[in-house]
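Trainee: I am attaching a structure below and will ask some questions about it afterwards.
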Amino acid sequence: LARYTALAERHIRPVLGQVPVKELTSDRMEAFIADKTKKGMLHRAGGLSSKTVSDIVFVLKSALKFGKRKHGFVDVHDVMDVPSPNIPKNRVETFGEKETKKLSQVLVKNWNRASAMILLSLNTGLRLGEVCGLKWSDLDERELELSVNRTVQRTWNLKGTQLIVQSPKSESSYRTLPLEKE
(Lines give C-alpha, C1' and ligand atoms only; values in the text may rest on other atoms or scores of the structure.)
Protein backbone atom coordinates (compact mmCIF):
# COMPACT_ATOMS: atom_id res chain seq x y z
CA LEU A 1 0.00 0.00 0.00
CA ALA A 2 2.81 2.40 0.92
CA ARG A 3 4.64 1.69 -2.34
CA TYR A 4 1.54 2.15 -4.50
CA THR A 5 0.63 5.35 -2.65
CA ALA A 6 4.16 6.67 -3.19
CA LEU A 7 4.03 5.83 -6.91
CA ALA A 8 0.67 7.57 -7.27
CA GLU A 9 1.76 10.68 -5.35
CA ARG A 10 5.23 10.99 -6.90
CA HIS A 11 4.63 9.93 -10.49
CA ILE A 12 0.97 9.70 -11.51
CA ARG A 13 -0.71 12.68 -9.83
CA PRO A 14 1.90 15.29 -10.86
CA VAL A 15 1.60 14.33 -14.53
CA LEU A 16 -1.92 12.95 -14.99
CA GLY A 17 -3.73 14.11 -11.85
CA GLN A 18 -5.47 17.02 -13.57
CA VAL A 19 -6.30 15.12 -16.77
CA PRO A 20 -10.00 14.24 -16.99
CA VAL A 21 -10.44 10.49 -17.43
CA LYS A 22 -12.31 11.00 -20.71
CA GLU A 23 -9.20 12.77 -22.09
CA LEU A 24 -6.84 9.97 -21.10
CA THR A 25 -5.97 8.28 -24.38
CA SER A 26 -3.76 5.33 -25.23
CA ASP A 27 -1.35 7.77 -26.96
CA ARG A 28 -1.12 9.87 -23.79
CA MET A 29 -0.61 6.73 -21.71
CA GLU A 30 2.16 5.50 -24.04
CA ALA A 31 3.86 8.91 -23.90
CA PHE A 32 3.61 8.86 -20.09
CA ILE A 33 5.22 5.40 -19.97
CA ALA A 34 7.96 6.43 -22.41
CA ASP A 35 8.70 9.56 -20.37
CA LYS A 36 8.96 7.59 -17.11
CA THR A 37 11.22 5.05 -18.81
CA LYS A 38 13.57 7.70 -20.25
CA LYS A 39 13.59 10.43 -17.60
CA GLY A 40 11.36 9.44 -14.70
CA MET A 41 13.89 9.81 -11.90
CA LEU A 42 12.78 12.57 -9.54
CA HIS A 43 16.08 13.66 -8.02
CA ARG A 44 18.59 12.90 -10.76
CA ALA A 45 18.81 12.28 -14.48
CA GLY A 46 17.73 8.99 -15.96
CA GLY A 47 14.77 6.74 -16.37
CA LEU A 48 12.98 4.45 -13.98
CA SER A 49 13.43 0.68 -14.08
CA SER A 50 11.01 -1.43 -16.10
CA LYS A 51 9.70 -2.89 -12.82
CA THR A 52 8.94 0.55 -11.36
CA VAL A 53 7.24 1.76 -14.55
CA SER A 54 5.26 -1.48 -14.67
CA ASP A 55 4.16 -0.90 -11.06
CA ILE A 56 3.11 2.68 -11.95
CA VAL A 57 1.03 1.36 -14.87
CA PHE A 58 -0.51 -1.25 -12.56
CA VAL A 59 -1.57 1.45 -10.06
CA LEU A 60 -3.00 3.61 -12.82
CA LYS A 61 -4.93 0.74 -14.40
CA SER A 62 -6.19 -0.34 -10.97
CA ALA A 63 -7.58 3.16 -10.44
CA LEU A 64 -9.27 3.00 -13.85
CA LYS A 65 -10.78 -0.42 -13.04
CA PHE A 66 -12.10 1.03 -9.79
CA GLY A 67 -13.55 3.94 -11.79
CA LYS A 68 -15.26 1.48 -14.13
CA ARG A 69 -16.70 -0.57 -11.26
CA LYS A 70 -17.83 2.32 -9.07
CA HIS A 71 -18.46 5.19 -11.47
CA GLY A 72 -19.14 3.68 -14.88
CA PHE A 73 -15.86 4.71 -16.54
CA VAL A 74 -15.85 3.53 -20.14
CA ASP A 75 -12.44 2.97 -21.74
CA VAL A 76 -13.27 4.47 -25.14
CA HIS A 77 -9.59 5.23 -25.88
CA ASP A 78 -8.30 1.70 -25.11
CA VAL A 79 -6.07 2.91 -22.30
CA MET A 80 -6.37 -0.45 -20.54
CA ASP A 81 -4.87 -2.15 -23.60
CA VAL A 82 -1.58 -0.22 -23.39
CA PRO A 83 1.01 -2.79 -22.33
CA SER A 84 3.33 -2.36 -19.37
CA PRO A 85 7.05 -2.50 -20.05
CA ASN A 86 8.58 -5.96 -20.13
CA ILE A 87 10.51 -6.73 -16.99
CA PRO A 88 13.75 -8.49 -17.85
CA LYS A 89 14.59 -11.56 -15.81
CA ASN A 90 17.89 -10.79 -14.13
CA ARG A 91 20.13 -13.73 -13.47
CA VAL A 92 21.28 -13.57 -9.87
CA GLU A 93 24.96 -14.19 -9.38
CA THR A 94 26.08 -15.14 -5.91
CA PHE A 95 29.52 -14.96 -4.37
CA GLY A 96 31.60 -18.07 -4.53
CA GLU A 97 33.62 -19.37 -1.60
CA LYS A 98 36.67 -17.32 -2.62
CA GLU A 99 34.74 -14.03 -2.86
CA THR A 100 32.88 -14.71 0.38
CA LYS A 101 36.12 -15.35 2.25
CA LYS A 102 37.78 -12.21 0.83
CA LEU A 103 34.78 -10.00 1.66
CA SER A 104 34.59 -11.51 5.16
CA GLN A 105 38.25 -10.67 5.78
CA VAL A 106 37.72 -7.05 4.69
CA LEU A 107 34.63 -6.74 6.89
CA VAL A 108 36.40 -8.13 9.97
CA LYS A 109 39.41 -5.88 9.35
CA ASN A 110 37.13 -2.79 9.12
CA TRP A 111 34.77 -3.77 11.94
CA ASN A 112 31.77 -1.58 12.68
CA ARG A 113 28.00 -1.99 12.95
CA ALA A 114 27.47 -1.98 9.17
CA SER A 115 30.22 -4.55 8.53
CA ALA A 116 28.72 -6.78 11.25
CA MET A 117 25.32 -6.63 9.55
CA ILE A 118 26.80 -7.37 6.13
CA LEU A 119 28.82 -10.28 7.52
CA LEU A 120 25.73 -11.69 9.23
CA SER A 121 23.71 -11.40 6.02
CA LEU A 122 26.53 -12.88 3.94
CA ASN A 123 26.84 -15.94 6.17
CA THR A 124 23.17 -16.58 6.94
CA GLY A 125 21.30 -15.40 3.85
CA LEU A 126 19.19 -13.00 5.92
CA ARG A 127 17.55 -10.14 4.06
CA LEU A 128 18.41 -6.57 5.06
CA GLY A 129 15.02 -6.03 6.71
CA GLU A 130 15.45 -9.25 8.71
CA VAL A 131 18.92 -8.22 9.92
CA CYS A 132 17.57 -4.80 10.95
CA GLY A 133 14.74 -6.52 12.84
CA LEU A 134 17.02 -8.65 15.02
CA LYS A 135 17.12 -8.24 18.79
CA TRP A 136 19.62 -9.66 21.25
CA SER A 137 16.88 -11.97 22.50
CA ASP A 138 16.87 -13.64 19.05
CA LEU A 139 20.41 -14.91 19.64
CA ASP A 140 20.98 -18.16 21.52
CA GLU A 141 24.70 -18.03 22.23
CA ARG A 142 24.80 -21.46 23.88
CA GLU A 143 23.15 -23.25 20.95
CA LEU A 144 24.73 -20.91 18.35
CA GLU A 145 21.34 -20.21 16.80
CA LEU A 146 19.62 -17.09 15.56
CA SER A 147 15.83 -16.78 15.35
CA VAL A 148 14.12 -14.64 12.72
CA ASN A 149 10.90 -13.25 14.19
CA ARG A 150 10.43 -9.82 12.60
CA THR A 151 11.47 -7.59 9.75
CA VAL A 152 11.91 -3.84 9.41
CA GLN A 153 10.78 -1.89 6.39
CA ARG A 154 11.08 1.79 5.50
CA THR A 155 7.78 3.03 4.07
CA TRP A 156 6.77 6.30 2.52
CA ASN A 157 3.80 8.42 3.46
CA LEU A 158 2.81 12.02 2.77
CA LYS A 159 4.91 13.24 5.72
CA GLY A 160 8.09 11.43 4.64
CA THR A 161 9.39 7.99 5.55
CA GLN A 162 9.03 5.85 8.62
CA LEU A 163 10.36 2.53 9.84
CA ILE A 164 7.83 -0.21 10.44
CA VAL A 165 8.65 -3.32 12.45
CA GLN A 166 6.43 -6.17 11.35
CA SER A 167 6.21 -9.93 11.23
CA PRO A 168 8.00 -11.72 8.38
CA LYS A 169 6.18 -12.00 5.07
CA SER A 170 5.24 -15.66 5.37
CA GLU A 171 5.09 -18.46 7.90
CA SER A 172 8.24 -20.04 6.43
CA SER A 173 10.12 -16.75 6.98
CA TYR A 174 10.00 -17.45 10.72
CA ARG A 175 13.06 -19.63 11.16
CA THR A 176 15.99 -20.53 13.34
CA LEU A 177 19.43 -20.47 11.74
CA PRO A 178 22.58 -22.20 12.90
CA LEU A 179 25.58 -19.93 13.33
CA GLU A 180 29.25 -20.72 12.90
CA LYS A 181 31.36 -20.17 16.00
CA GLU A 182 33.34 -17.44 14.22
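The values are calculated or read from the model by the stated rules, or taken from the named source; none is laboratory data. This is a predicted model, so every value here is computed, not measured. Glycine gets a Cβ as well: all are built from the backbone with ideal geometry, and neighbour counts include every protein chain shown. To get the accessible areas, we keep the full protein, side chains included, count just its heavy atoms, and leave off ligands, DNA and RNA. Shrake-Rupley method; radii C 1.70, N 1.55, O 1.52, S 1.80 Å.
Trainee: What percent of all Cα-Cα pairs in region 1-75 falls in each 10 Å bin, counting up from 0?
Mentor: 18, 54, 24, 4
Trainee: Do any of K22/K61; K22/K70; K38/K89 go past 18 Å between their Cα atoms, and which?
Mentor: Violating the 18 Å limit, Cα to Cα: K38/K89.
Trainee: In the chain, which longest range has no chymotrypsin sites (Phe, Trp or Tyr not before Pro) that are both DSSP loop (not H, G, I, E or B) and surrounded by at most 13 other Cβ atoms within 10 Å?
Mentor: Within the chain, the longest run free of exposed chymotrypsin sites (Phe, Trp or Tyr not before Pro) spans 1-94.
Trainee: Would you mind working out the accessible area per residue for region 62-182, using a 1.4 Å probe, and quoting it in Å²?
Mentor: For region 62-182, the solvent-accessible area averages 82 Å² per residue.
Trainee: A further question on this structure: From the Cα gyration tensor of region 5-47, with a ≥ b ≥ c the square roots of its eigenvalues, which class applies: rounded if a/c is under 1.5, or else prolate if a/b is larger than b/c, or else oblate?
Mentor: Note, shape of region 5-47 comes out oblate.
Trainee: Let me ask another. What is the Å³ per residue value for the convex hull set by the Cα atoms of the chain?
Mentor: 183
Trainee: Separate question: Based on the Cβ-Cβ distance of V21 and R142, what FRET efficiency does E = 1/(1 + (r/R0)^6) give at R0 = 45 Å, to the nearest 0.05?
Mentor: The computed FRET efficiency comes out at 0.10.
Trainee: Also, quick follow-up: Please list, in chain and number order, the residues 5+ apart from R175 or on another chain whose amide H is under 5 Å from its amide H, with Hs placed from the backbone.
Mentor: Residues meeting the amide H criterion: V148.
Trainee: So which GluC sites (Glu not before Pro) in region 89-135 are both in a DSSP loop and have at most 14 other Cβ atoms within 10 Å of their Cβ?
Mentor: E93
Trainee: Counting other Cβ atoms within 10 Å of each Cβ, which trypsin sites (Lys or Arg not before Pro) in region 129-167 have at most 11 and sit in a DSSP loop?
Mentor: K135, R142, K159
Trainee: Using only DSSP helix segments of four residues or longer, with each worth -39500 (n - 2.57), what per-residue ellipticity at 222 nm results for the chain after dividing by its residue count and rounding to 500?
Mentor: -12500 deg cm²/dmol
Trainee: Taking H placed 1.01 Å from N in the peptide plane, check which residues at least 5 places from G40 or on another chain put their amide H under 5 Å from its amide H.
Mentor: Residues meeting the amide H criterion: G47, L48.
Trainee: I need the trypsin sites (Lys or Arg not before Pro) found in region 1-97, filtered to DSSP loop residues with at most 11 other beta carbons within 10 Å of theirs.
Mentor: Loop-located and lightly packed - R44, K89, R91.
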